[in-house]
Amino acid sequence: MTLTATTTTLKLMMVKNSLSLNLVCLNVLKSLLRNVRAVLVPALQGRDIIARAKTGTGKTLAFGIPIIKRLTEEAGDYTAFRRSGRLPKFLVLAPTRELAKQVEKEIKESAPYLSTVCVYGGVSYTIQQSALTRGVDVVVGTPGRIIDLIEGRSLKLGEVEYLVLDEADQMLAVGFEEAVESILENLPTKRQSMLFSATMPTWVKKLARKYLDNPLNIDLVGDQDEKLAEGIKLYAIATTSTSKRTILSDLITVYAKGGKTIVFTQTKRDADEVSLALSNSIATEALHGDISQHQRERTLNAFRQGKFTVLVATDVASRGLDIPNVDLVIHYELPNDPETFVHRSGRTGRAGKEGSAILMHTSSQKRTVRSLERDVGCHFEFISPPTVGDLLESSADQVVATLNGVHPDSIKFFSATAQKLYEEKGTDALAAALAHLSGFSQPPSSRSLLSHEKGWVTLQLIRDPTNARGFLSARSVTGFLSDLYRTAADEVGKIFLIADDRIQGAVFDLPEEIAKELLEKDVPEGNSLSMITKLPPLQDDGPSSDNYGRFSSRDRMPRGGGGSRGSRGGRGGSSRGRDSWGGDDDRGSRRSSGGGSSWSRGGSSSRGSSDDWLIGGRSSSSSRAPSRERSFGGSCFICGKSGHRATDCPDKRGF
């Protein structure tokens, strides 16, 4: 059926009054007709319905059209809608105040002659009670506040003919199951009920069996597990806790392209801290449960109007946010379950538009990310942190877009100066202006691909297996660097092994100046050493320590100390700034386990043996002077055994 034919069919189904014009004028009709059509016909027939639907695909319109139509037909004329003290005929339950307000807004826009009221917690009862006393046709609200109003005898549900439970699975997730059942017990038995849910947990099925009358099941998702709206591109990026905030800012610059971004965190504290960190370079606000309702609405309105471009929110805000044109969603922490991931990501790509969602995870959580792919039925493109070149290009593009929006009448005031600059400096004048407006008045610093830290670079070492015995390990890489350039071994950052059975290779971080000096050294034959701009596939650390669905260690482990995920071998972590393991912000540090695939200088405050102190951290200043007599802490790059360097290896072949 063509779009025109479908729209015509919908028009004929609607009542022949202003309702038709109001509904047809909604732009959402054109992109959401499939879901509307699937629910519309049985709803018009008065059937009870259970619909499994994706987020952001027009559910409100689907149940709103038939109920509004029947209410209008029953009234006969508009005088019934002006009767004082009338009781509500139409009740909608929503899990969050944002979703409730969104639903009420769409109903009000579709049928302005209906009296609607939205009730939710966090605001005064007085206004809501006054509206109910005057008489209403439609009540939309959260179960908690509706229960309060029922108990206060301000809300009477004895004449409700139509009930909608929107996002019923989230009623369970936020603990509203008892309130929902109590409300349904107060409703007339004779009514039409419709239940919408992205998933069908046991409680939702039980609710449907008990309170719906021979419901029709409609699956708008299908047999496949994919529940995300089409048009959302999914990316995943491995980070550490020390690099997350720097990478986050760069991801927003490159992938949002100046548009709106929502960043989701697990905790209110994270939301505040991330918002504060981003605000140094990007206009940002936080949204979480501790913010007053008045400030919450001001923040959301300012975000909708584009007064700032990045909203950092907890999962409380992931449901029902009516924010048009969100270009990017970033999962700063992995969600607690697949459903939360779907609903977070569903804030972009709404109403048929395109959007992107980026999942930030630690390397040890990569297997959990694969599990999330299977559970949701989606596929992530694994990406590296944006390079300096990516940042320069995106920043310049955004500046150009801003310049295109300058009013022509303003340009003429600066034309003479621009002409003079061009005559003096040519295109360099324009390039300087672009650089300054992009935030690059000074040359950009190099950045590590592993930690994203400024002033560091990532090198790749490939070893010829024919010239060596044993497995390549972080320890043997340290031994190789110690023989080639001792300063590099002392300053090396994280070391990761390459996940490619065809080669023996590793990548590691060094300060930029030391890396340049290292690259000038003569590398033993059969080995290659180079600076890289993109990470190869890296080996995992072994299974993630996270239980699936509980990704944040902050709520499960004590801060710092030997119990931290970051401490190797049970040793306490040092507090050496960037390198420390086990600190409050080092939840994402990689662990080395049984010759594992990655390593980070952790700085041990108490060394267990002289053989491994070198890879535990740098020595103190009093012991940093080279000494051939002291025990060597690395492994031989040739034979893989510990206790001697490659230059002292009995198996050396022209090293």
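The values are calculated or read from the model by the stated rules, or taken from the named source; none is laboratory data. This one's a predicted model, so the numbers in the text were calculated from it and none came from an experiment. Here Cβ is always computed from backbone atoms with ideal geometry, including for glycine, and neighbour counts include all displayed protein chains.
Annotations for the structure displayed:
- Members of segment 216-238 that are under 18 Å from the mean Cα position of the chain (by Cα) and either of a type outside the set (Lys, Arg) or at pLDDT below 90 (or both): Glu226, Lys227, Leu228, Ala229, Glu230, Gly231, Ile232, Leu234, Tyr235, Ala236, Ile237, Ala238
- Candidate set from segment 249-284 (those that are under 23 Å from Asp337 (Cβ atoms) and of a type in the set (D, E, K, R)); member that is surrounded by the fewest Cβ atoms within 10 Å (Cβ to Cβ): Arg269
- Taken over segment 170-216, the criterion of being out of contact with any strand residue (DSSP E or B) (no Cβ under 9 Å at 6 or more places or on another chain) and part of a loop (DSSP other than H, G, I, E, B) is satisfied by Val174, Gly175, Asn186, Pro188, Thr189, Lys190, Pro201, Asn214.
- Here Asp375 qualifies as surrounded by 11 or more Cβ atoms within 10 Å (Cβ to Cβ), part of a helix (DSSP H, G or I), touching a helix residue (DSSP H, G or I) at 6+ places or on another chain (Cβ under 8 Å) and in contact (Cβ under 8 Å) with a residue 12 or more places away in the chain.
- Condition met for Ile67 (assigned to a helix (DSSP H, G or I) and either out of contact with any helix residue (DSSP H, G or I) (no Cβ under 6 Å at 6 or more places or on another chain) or of a type in the set (D, E, K, R) (or both)): yes
- Residue count, segment 270-294 (criterion: among the hydroxyl-bearing types (Ser, Thr, Tyr) and farther than 21 Å from Ala256 by Cβ): 1
- Scope segment 420-446; condition among the polar types (S, T, N, Q) and surrounded by 11 or more Cβ atoms within 10 Å (Cβ to Cβ); matching residues: Ser438, Ser445, Ser446
- Of residues in segment 239-278 being of a type in the set (Gly, Ala, Ser) and farther than 24 Å from Ser395 by Cβ, the one nearest to the chain's Cα centre (by Cα): Ala271
- Taking first residues from segment 259-277 that are under 11 Å from Asp315 (Cβ atoms) and in contact (Cβ under 8 Å) with a residue 60 or more places away in the chain and partners that are of a type in the set (Gly, Ala, Ser) and crowded, with 23+ Cβ neighbours inside 10 Å, the Cβ contacts under 7 Å between residues at least 6 apart in sequence or on separate chains come to Phe264/Ala313; Phe264/Ser318; Thr265/Ala271.
- For the criterion of being part of a helix (DSSP H, G or I), among the β-branched types (Val, Ile, Thr) and farther than 19 Å from Val180 by Cβ, Ile127 passes.
- Residue that is nearest to the chain's Cα centre (by Cα) [pool: residues in segment 379-391 that are of a type in the set (A, V, I, L, M) and farther than 10 Å from Thr253 by Cβ]: Ile383
- Hey, Asp137 among the charged types (D, E, K, R) and under 19 Å from Thr96 (Cβ atoms) or not: no
- Tallying residues that are surrounded by 16 or more Cβ atoms within 10 Å (Cβ to Cβ) and not hydrophobic (A, V, I, L, M, F, W, C) within segment 187-197 yields 4.
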